[in-house]
Amino acid sequence: MLKIPELNITEPDGKLYIVTDSHLDENIAPASQFVEMLGQLEDPHTVVFLGDLFVIWLVPPKFWTDMHHSVMAGFQGLKDRGCNVVFIAGNRDMLLPRKFNERWKKILPFTHLIYKDWYLKWGQKRFGFIHGDTINYNDHQYLRWRALSHNWAVEAFFRVMPAQLAAWIAKSLEAKLVDTNKEFKIHFPEKELKEFADSVLPDVDQYFVGHFHLDKLIEVDGCTSALRVVPDWLTQRTVLRVGEHGQIEVLCYQNGSLDILH
């Protein structure tokens, strides 16, 4: 896959929003709340989603339900307002197009589709983004599963399946994986994240990571920048908002309203 060049916003005239790990379904994380949140974003210039949009998302439209269509319409609403909509793929976002070509740009409501890491020049600041599921290089079982599930042959097999069968298999596999590898799922990989931070922070003012469902700041000696683990939407209903000069606020969605978290 080709590396996507960074987006260069020299004079931001709106806000940057960062959301991650919504794991949308019809129960614990209703899509309706997520869509309502997207519609409440004030003065959105760029929205970056850091992956794991649904519990499991088979990206081709033949697999979509009404829930998927409603969320895509929410993102399209932002795009129609002139907002950059950047989607960084997570481990639960499957069967992504190998290239984000013109055909796929008409299907998916994103201005940018990112498969790995990505950078944004925001005024005088430079930010880095990644979903983060590959940072823990010691979680060998997960990395093997990831390599298998994103293998082109496996993806080709899923693409030709009837939609209901493919969705059932994907959900069954996910259900089995929930109870495996608990040691790595419970343990926060502080050492590996600090090593990752040490490798990326010299080139940015802030680096944003999803996947870990925490709100955590990681710093390294001798570096003025920091790595921010972004709190998830699934359990915390939070959104990060970055102003024109790089100031960061945490917003929380409660009782149908998106407000600053004090």
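The values are calculated or read from the model by the stated rules, or taken from the named source; none is laboratory data. Fair warning: this is a prediction, and the values are worked out from it, not measured in the lab. Backbone-built Cβ (ideal geometry, glycine too); neighbour counts: all protein chains shown. Only protein heavy atoms, including side chains, enter the accessible area calculation; ligands, DNA and RNA are left aside. Shrake-Rupley method; radii C 1.70, N 1.55, O 1.52, S 1.80 Å.
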Looking at 59, 161, 210, which one has the Cα that reaches farthest to the positive end of the dipole of the chain (charges on Cβ: Lys, Arg +1; Asp, Glu -1)? 161
Quick one: longest stretch of the chain between exposed loop trypsin sites (Lys or Arg not before Pro), exposed meaning at most 14 other C-beta atoms within 10 Å and loop per DSSP? 117-262
Report, in whole Å, the centroid distance computed from the Cα atoms of the range 1-63 and the range 225-244. 12 Å
Result for the chain: accessible area per residue, probe 1.4 angstrom, in square angstrom, of 50 Å²
Using only protein heavy atoms and a 1.4 Å probe, report how much of residue 42 is accessible, in Å² to the nearest 10. 120 Å²
Using θ = phi - 60° and the Karplus form 6.51 cos²θ - 1.76 cosθ + 1.60, what ³J(HN,Hα) does each residue of the range 209-220 get, whole Hz, x for Gly and Pro? 10, x, 6, 8, 6, 9, 10, 8, 10, 10, 10, 10
What number, in percent, do you get for the relative contact order of the range 1-90 if the mean sequence gap of Cα pairs under 8 Å and at least 6 apart is divided by its residue count? 35 percent
Give me the dipole magnitude in Debye, nearest 20, for the range 1-142 about the Cα centre, with unit charges on the beta carbon: positive for Lys and Arg, negative for Asp and Glu. 680 debye
Got a sec to turn the phi values of the range 104-113 into Karplus ³J(HN,Hα) couplings, 6.51 cos²θ - 1.76 cosθ + 1.60 with θ = phi - 60°, whole Hz, x for Gly and Pro? 6, 5, 7, 8, 9, x, 10, 7, 9, 10
Here the relative contact order (percent) of the chain, from C-alpha pairs under 8 Å and at least 6 apart, is 23 percent
What FRET efficiency comes out for residue 80 versus residue 164 if R0 is 41 angstrom and r is the Cβ-Cβ distance? Round to the nearest 0.05. 0.85
Fraction of antiparallel bridges per DSSP, the chain only, in percent to nearest 5: 45 percent
When the accessible area of the chain is split by element with a 1.4 Å probe, what percent falls to carbon and sulfur? 53 percent
Ordering 238, 224 by how much accessible area each has at a 1.4 Å probe, largest first, what is the list? 224, 238
Looking at this model, which pairs from 125/171; 125/216; 15/191; 105/194; 171/194 are more than 31 angstrom apart at the alpha-carbon? 125/171; 15/191; 105/194; 171/194
To the nearest 20 debye, what charge dipole does the chain have about its Cα centre, counting +1 at the Cβ of each Lys and Arg and -1 at the Cβ of each Asp and Glu? 1000 debye
Using only C-alpha positions, report the orientation-averaged shadow area of the convex hull of the chain, nm², one decimal. 13.9 nm²
